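**Q** Dumping the structure here so I can ask a few things about it.
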Amino acid sequence: MISTNMKGIQCRIYGKLIGGMMPGWIEQLAQPAILLPVAIILFIFWLIILACFKIFPFISKFVSLVNTLVGTDEKPGLKRWQEEQTKKLDGQAMVLDGQAKVLERVRHQVENDHTTNMREEQDKMIATQDKLVASVEQLTNDFKDHVAISKAKDKEGDETAYRVATLSDKVNAIQPIVEQLGQTWGTKTKNN
C-alpha cells in the first residue's frame with residue numbers, strides 16, 4: 001500500500017520517504033481514483049490486441065480462400081479453371097465423335113466384300129483408342145483431385161466463417177462495456 005503526504009510518497013515496506021524523486025504525473029497516476037480506470041482501459045486494449053493476433057490466421061485463411069475462388073494474376077480462379085476443363089472435355093467429345101466415324105468406316109471394311117488390309121486399320125484404331133482411354137483417365141483423375149480440393153476449401157471456408165462469427169459475438173459482448181467506460185471516463189479531464 002502507498003500512502004501520500006505533503007512531502008511525497010512514503011513506502012510502507014521500507015518506511016522511507018520517496019518525495020521529490022518521482023515526477024508529478026506519476027504521483028497523480030498512483031492515486032486510486034485514476035489508477036483503477038487506467039488499468040481497466042489498458043486491460044481492455046490488451047484484450048483487443050490479443051484478439052487481433054488470434055483472429056489474424058483465420059483472416060489470412062479466408063483471404064486465401066477468396067483468392068483461390070476469384071483468382072489472381074498468377075493463378076486463375078476456380079471459374080476459369082472449370083472453363084478450361086470444360087474446353088478439354090469438349091475437345092475429347094469431338095475426338096470421340098471422330099472415333100465413332102472411324103469405327104463406322106472400319107465396320108464397312110470388316111464385312112466380307114472388302115479388299116483392304118483390315119489388320120492395319122485395326123492396329124491404328126487400337127492405338128488411337130489406347131491414347132483416348134489414357135487421356136480420359138487423366139482427365140477423370142484431374143477432376144477427382146479438383147473435387148477433393150474444392151471440398152477441402154469449402155470445409156476451411158466453413159470453419160473460418162464459424163470462427164469469425166464466434167469472434168464477432170465476443171466483440172459484440174464486450175462493446176457495451178467499452179461504450180459505458182467511454183461515456184463514464186471519456187468526458188472527464190485528468191484534474192477531476
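The values are calculated or read from the model by the stated rules, or taken from the named source; none is laboratory data. Values in this document were obtained by computation on a predicted structure and should not be read as measured data. Quick reminder, even Gly has a Cβ in these numbers, built from the backbone with ideal geometry, and neighbours come from all protein chains shown. These area figures cover heavy atoms from the full protein model, side chains too; ligands, DNA and RNA do not enter into them. Shrake-Rupley method; radii C 1.70, N 1.55, O 1.52, S 1.80 Å.
**Q** For the condition surrounded by 11 or more Cβ atoms within 10 Å (Cβ to Cβ), part of a helix (DSSP H, G or I) and among the hydroxyl-bearing types (Ser, Thr, Tyr), what is the one hit in THR86, THR68?
**A** Just a single option satisfies the conditions, and that option is THR68.
**Q** Specify which of the listed residues (LYS75, LYS79, LYS61) is modelled with pLDDT of 85 or more, out of contact with any Cys (no Cβ under 6 Å at 6 or more places or on another chain) and charged (D, E, K, R).
**A** Only one candidate passes the filter, namely LYS61.
To keep it simple, each residue is scored yes or no on (1) in a loop (DSSP other than H, G, I, E, B); (2) of a type in the set (Gly, Ala, Ser); (3) farther than 30 Å from ARG163 by Cα; (4) modelled with pLDDT under 75.
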site	(1), (2), (3), (4)
TYR14	yes, no, yes, yes
GLY19	yes, yes, yes, yes
MET22	yes, no, yes, yes
GLN28	no, no, yes, no
PRO37	no, no, yes, no
ILE41	no, no, no, no
TRP46	no, no, no, no
LYS54	no, no, no, no
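**Q** Over 30 Å from SER168 (Cα atoms) and in contact with a Leu (Cβ under 9 Å, 6 or more places away or on another chain): is that true of GLN122 in this structure? Explain how you work it out, then say what you get.
**A** Details: over 30 Å from SER168 (Cα atoms): yes; in contact with a Leu (Cβ under 9 Å, 6 or more places away or on another chain): no.
No; evaluated as a whole, the condition is false for this residue.
**Q** Restricting attention to the range 30-56, and to residues there that are more than 14 Å from VAL171 (Cβ to Cβ) and open to solvent by less than 60 Å² (accessible area, probe 1.4 Å), which single residue is farthest from the chain's Cα centre (by Cα)?
**A** Only one residue tops the list, namely ALA30.
**Q** Which one of these is part of a helix (DSSP H, G or I), open to solvent by 90 Å² or more (accessible area, probe 1.4 Å) and of a type in the set (S, T, N, Q): GLN129, GLN92, GLN99, GLN122? Please lay out each step first, then the result.
**A** Numbers: GLN92 fails: open to solvent by 90 Å² or more (accessible area, probe 1.4 Å); GLN99 fails: open to solvent by 90 Å² or more (accessible area, probe 1.4 Å); GLN122 fails: open to solvent by 90 Å² or more (accessible area, probe 1.4 Å).
Just one listed residue meets the conditions, GLN129.
**Q** If I filter the range 146-166 for residues that are free of Cβ contacts under 8 Å to residues at least 24 places away in the same chain, within 30 Å of LEU42 (Cβ to Cβ) and open to solvent by less than 60 Å² (accessible area, probe 1.4 Å), do I get at least one hit?
**A** Yes - at least one qualifying residue is present in the range 146-166.
**Q** In the range 68-80, which residues are in contact with a strand residue (DSSP E or B) (Cβ under 8 Å, 6 or more places away or on another chain) and under 15 Å from ILE149 (Cα atoms)?
**A** Within the range 68-80, GLY77, LEU78, LYS79 meet the criteria.
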